[in-house]
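Below is one structure, written out as structure tokens; comments come after it.
The values are calculated or read from the model by the stated rules, or taken from the named source; none is laboratory data. Please read all numbers here as calculations on a predicted model, not as lab measurements. In this analysis, Cβ positions are derived from the backbone assuming ideal geometry, glycine residues included, and neighbour counts consider all displayed protein chains. Areas reflect the complete protein model, heavy atoms only, side chains present, ligands, DNA and RNA absent. Shrake-Rupley method; radii C 1.70, N 1.55, O 1.52, S 1.80 Å.
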Amino acid sequence: MKSLLRTVAGFSAVINLLWLAPALFSLQVFDRVLTSQSTETLLVLMLGLAVALVLVGALDYLRGRLQGVLGNIVNDAMAPEIARLTLAVASRRQGNSNGEALRDVGRLRNLFSSQGIVALMDAPWALIFLIVIAVANLWLGLAALISGLLMLGLAYANDRMTRQAIEKVQREAGGAQRYLEQAMTNAEVAQAMGMADALIGRWNAQSAKVAEVQEPVAQKSVAMASVTRIARQLVQVAMTALGAYLVIIGQATPGILIASSMLLGRALQPIEQIVGSWRVLAEGRLAWSRLNPLMAQAALRQPQMPLPAPAGQLAAHNVVFRPQGSDRTLLMGVSLRLEPGESLAVLGPSGAGKSTLIRLLIGIWTPTSGNVRLDGADLAKWSREQIGPHLGYMPQDVELFTGTIAENIARLGPVDSGRVVDAAKLANVHELILGLPEGYDTVVDPNAALLSPGQRQRIALARALYGNPKVVILDEPNANLDGAGEMALADTLRKLQGSTTVVVVTHRQNLTQHVNKMLVIDGGRAVHYGSTQEVLAALRGTPTTAGGAAGAQVVPIAARSAQPGA
């Protein structure tokens, strides 16, 4: 952007220099042509002025086109990176995960495409025009300087009056927009239970609050714009009156009067444009201040050396997790280890911390203390682009993306039909997909009812298995499955044994027969961990044998409950 900004600034410099031509033309006409009555001089002056104005028009057009390019560069350079960072924040479910940052990119694009940015580049040239006026006549130069300071004072007052108000309007408007977006995601529930009026009423109340905050801002902006226009006209009238007086007393010529009036108008024009475009400028400035930390975060990210493709060894050591800004610890000292090809079932009551553990194992969340390692390397050392193809994940709340079923299974990348079909067959969903209206080319609409929750879950399982990842993590994969779906899932787990490291969260013990190890979590702590036989025996209260898996930790719930502070 810097080279283009320098080019736009250069065009602005040439344009402002060329705008001296009309003033010089008027000066020469009134002071020389009228006295000499030379039509040849008038013709040459008119020809020179015509050339200058044609150049002004051409350069102004090019400057406007470059502004459009600048706006596109802002969008193309920042939007993907901001979207990537926003997606990362949303995946952690921490901080500002809405689209406000992307709207800020749009505000910056509007800023660089607006007349306000041109006015900012033209404003320093006002000093040049004032110096030219002072050279022609000192008194007119002083008057012009006072006029410029007056206009700058109005611009500063406008800033002081509207800065905080504009920021508050943006904050309130963003809150109302987020509330509406969240309401739309639960539209089915709201419609089914007659909550539409209540939702709309709350949104309407927030919108009214936005309008209540926005109205004074609009009134102040309109008032300041009007005051600025009137002040400019009064200044020019006063300048003309002063010039006429100086002509009467013989200290100036009519040409100087006309030229000074034209130059003053040109000097004050950018200031008036800045006041008129103040809202766009202020919104752009606030957007930049909000985006700056995000872009700094992106700039700090260093390219990571690619690591070898993982074999699938997954280990967590004494993992503790406490959400940012919260005093509640969701996981406390959980450890596990899976060799390549081993599988683990994670059980526990609702709210025990199972989904928290899953998000730590896939690297979406970072442990407060402890570590999660894949093939011995801290999971945080793997870039998401590198680890993604080797990791399969199915969340508890399954969502498919807009696109064909094949595109969804292929993770929205290039569709390799062979790998798509292999993944579907591994998930035992191939026949189900063939039975759909367009087969693999059936378009999925996240808001449509073409697919049942169970069908979406089975397709999401195929997406998790696409490309034969070395680690597959499934959070409640049988939550919406019927009997046939349960059998298909069990068959998939059998096929994965020995070749893929699998972690599956479930409330049902019928899936445990297809895994090597079990982990039972309660209250964020591991109360049972070991081989499937050992943990099942502990759950039944049967004594375990010493021949269990190496490093197994089997702590009966009854014994844990008797411990102080348990």
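Please determine whether any residue of segment 144-165 is at pLDDT below 70, touching a Phe, Trp or Tyr at 6+ places or on another chain (Cβ under 8 Å) and not β-branched (Val, Ile, Thr).
For segment 144-165, residues at pLDDT below 70, touching a Phe, Trp or Tyr at 6+ places or on another chain (Cβ under 8 Å) and not β-branched (Val, Ile, Thr): absent.
Within segment 362-387, take every residue that is surrounded by 17 or more Cβ atoms within 10 Å (Cβ to Cβ) and within 27 Å of the chain's Cα centre (by Cα) and give me the one that is nearest to residue 307 (Cα to Cα).
Ranking the candidates gives 382 first.
Taking residue 369, is it farther than 11 Å from residue 503 by Cα, touching a strand residue (DSSP E or B) at 6+ places or on another chain (Cβ under 7 Å) and among the hydroxyl-bearing types (Ser, Thr, Tyr)?
So residue 369 fits the description; yes.
Within segment 197-229, track down each residue that is without any contact (Cβ under 8 Å) to a residue 12 or more places away in the chain and of a type in the set (S, T, N, Q).
204, 219, 226, listed by residue number.
Just one of (1) among the β-branched types (Val, Ile, Thr); (2) under 20 Å from residue 244 (Cβ atoms); (3) touching a Pro at 6+ places or on another chain (Cβ under 9 Å) trips up residue 118, so point out which.
Failing condition for residue 118: (2).
Filter segment 240-273 down to the residues that are part of a helix (DSSP H, G or I), in contact with a helix residue (DSSP H, G or I) (Cβ under 8 Å, 6 or more places away or on another chain), more than 14 Å from residue 126 (Cβ to Cβ) and of a type in the set (A, V, I, L, M, F, W, C) and list them by number.
The answer is 242, 244, 246, 247, 256, 257, 258, 259.
This table checks each residue for (1) out of contact with any Asp or Glu (no Cβ under 9 Å at 6 or more places or on another chain); (2) open to solvent by less than 30 Å² (accessible area, probe 1.4 Å); (3) within 24 Å of residue 392 (Cα to Cα); (4) among the β-branched types (Val, Ile, Thr).
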{"position": "286", "(1), (2), (3), (4)": "no, yes, no, no"}
{"position": "294", "(1), (2), (3), (4)": "no, no, no, no"}
{"position": "307", "(1), (2), (3), (4)": "no, no, yes, no"}
{"position": "310", "(1), (2), (3), (4)": "no, yes, yes, no"}
{"position": "314", "(1), (2), (3), (4)": "no, yes, yes, no"}
{"position": "323", "(1), (2), (3), (4)": "yes, no, no, no"}
{"position": "328", "(1), (2), (3), (4)": "yes, no, no, no"}
{"position": "332", "(1), (2), (3), (4)": "yes, no, no, no"}
{"position": "357", "(1), (2), (3), (4)": "yes, yes, yes, no"}
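Determine whether segment 395-412 contains at least one residue that is modelled with pLDDT of 85 or more, open to solvent by 30 Å² or more (accessible area, probe 1.4 Å), of a type in the set (Gly, Ala, Ser) and part of a helix (DSSP H, G or I).
no
Yes/no per residue for (1) under 19 Å from residue 387 (Cβ atoms); (2) surrounded by 20 or more Cβ atoms within 10 Å (Cβ to Cβ); (3) of a type in the set (S, T, N, Q); (4) more than 29 Å from the chain's Cα centre (by Cα):
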{"residue": "433", "(1), (2), (3), (4)": "no, yes, no, yes"}
{"residue": "450", "(1), (2), (3), (4)": "no, no, no, yes"}
{"residue": "454", "(1), (2), (3), (4)": "no, no, no, yes"}
{"residue": "464", "(1), (2), (3), (4)": "yes, yes, no, no"}
{"residue": "473", "(1), (2), (3), (4)": "yes, yes, no, no"}
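Restricting to segment 430-459, what's the tally of residues that are touching a Leu at 6+ places or on another chain (Cβ under 7 Å) and not polar (S, T, N, Q)?
Of the residues in that region, 6 qualify.
For residue 93, work out the one condition from (1) out of contact with any helix residue (DSSP H, G or I) (no Cβ under 6 Å at 6 or more places or on another chain); (2) open to solvent by less than 40 Å² (accessible area, probe 1.4 Å); (3) at pLDDT below 70 it doesn't fulfil.
For residue 93, the exception is condition (2).
Would you mind finding the one in 264, 294 that is under 30 Å from residue 162 (Cα atoms) and at pLDDT 80 or above?
264
Any idea which residue in segment 104-139 is nearest to residue 56 (Cα to Cα), counting only those that are among the small types (Gly, Ala, Ser) and assigned to a helix (DSSP H, G or I)?
Taking the candidates together, the pick is 119.
When segment 403-421 is examined, which residues are found to be in contact with a Ser or Thr (Cβ under 8 Å, 6 or more places away or on another chain) and small (Gly, Ala, Ser)?
406, the sole residue that qualifies.
Could you say whether any residue in segment 229-242 is farther than 18 Å from residue 28 by Cα, of a type in the set (Gly, Ala, Ser) and either modelled with pLDDT of 85 or more or exposed (fewer than 15 other Cβ atoms within 10 Å of the Cβ) (or both)?
Yes - at least one qualifying residue is present in segment 229-242.
Looking at segment 49-58, is at least one residue open to solvent by less than 30 Å² (accessible area, probe 1.4 Å), in a helix (DSSP H, G or I) and over 30 Å from residue 114 (Cα atoms)?
There is no residue in segment 49-58 that is open to solvent by less than 30 Å² (accessible area, probe 1.4 Å), in a helix (DSSP H, G or I) and over 30 Å from residue 114 (Cα atoms).
Could you grab the pairs with beta carbons closer than 6 Å, sequence gap of 6+ or different chains, first residue in segment 112-135 and of a type in the set (D, E, K, R), second one buried (at least 20 other Cβ atoms within 10 Å of the Cβ)?
Matching pairs, first to second residue: 122/12; 122/270.
Taking the condition among the charged types (D, E, K, R), open to solvent by 40 Å² or more (accessible area, probe 1.4 Å) and in contact (Cβ under 8 Å) with a residue 24 or more places away in the chain, does residue 290 pass?
So residue 290 passes the test.
Confirm whether residue 4 is assigned to a helix (DSSP H, G or I), open to solvent by less than 40 Å² (accessible area, probe 1.4 Å) and either without any contact (Cβ under 8 Å) to a residue 40 or more places away in the chain or aliphatic (A, V, I, L, M) (or both).
When the stated conditions are applied, residue 4 passes them.
Anything in segment 470-518 that is among the β-branched types (Val, Ile, Thr) and either in contact with a strand residue (DSSP E or B) (Cβ under 6 Å, 6 or more places away or on another chain) or more than 19 Å from residue 341 (Cβ to Cβ) (or both)? List them, or say none.
Listed by number, the residues that qualify are 471, 472, 473, 500, 501, 502, 503, 504, 505, 506, 512, 515.
In the set 170, 182, which member is at pLDDT below 75, out of contact with any Asp or Glu (no Cβ under 9 Å at 6 or more places or on another chain) and on the phi < 0 side of the Ramachandran plot?
Answer to the selection: 182.
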